[in-house]
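Worksheet for the structure shown next.
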Amino acid sequence: MYRITMIALLLGLAGTAAARPGKAVVQMDRQTPVAEQVRQVEQALDDGDYSEISADDRTAVREALARITARMGSHQDLQELPPQVQGEVFNDQERINTVLTRAHDDSRQICQYTRGTGSNMPRSRCLSVAERRRIAEKGKALLNDQRTFNNFNPATSH
């Protein structure tokens, strides 16, 4: 009975994948003072919380933060601004939230526990979602290239 229980436990452990608990997504809103939110976003970008954010997205976020800071001027809260400027700031906040949410999802670490052939010791392999996607895409491209190469028939010349 003990043996069956251990085998079932090891088989269940071998195929499980677990996500590491991570930090929450930094989101901008209308209630918190804007200067504090800008500081939180910049700190999150600098701390590496968004390791899978592309250079273009990082630049877009920094530009949006600069526009928000310029529009806010000496004001602390969004409600102090004219309605037109509030709309522009809100649009920049939404752009930032969209980019950070996507980058956070791609930066999330997922650990998979597998047993190597001939071993009962589980090994963990932790990769980000984006790394897993890149590996899968490279594997598909490699298979596709191999199929294309195998189907290539050079013309015979006489």
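The single condition among (1) part of a helix (DSSP H, G or I); (2) on the phi > 0 side of the Ramachandran plot that Gly118 does not satisfy is (1). Return yes when Arg147 is among the basic types (Lys, Arg), closer than 21 Å to Gln27 by Cα and part of a helix (DSSP H, G or I) and no when it is not. No: the conditions fail for Arg147.
Given the structure, is Ser124 surrounded by fewer than 15 Cβ atoms within 10 Å (Cβ to Cβ) and at pLDDT below 85? Here the answer is no, as Ser124 does not meet what is asked.
The values are calculated or read from the model by the stated rules, or taken from the named source; none is laboratory data. What you see is a predicted model; the values in this text were computed from it and never measured. Every residue, glycine as well, gets a Cβ built from its backbone with ideal geometry; the counts of neighbours run over all protein chains shown.
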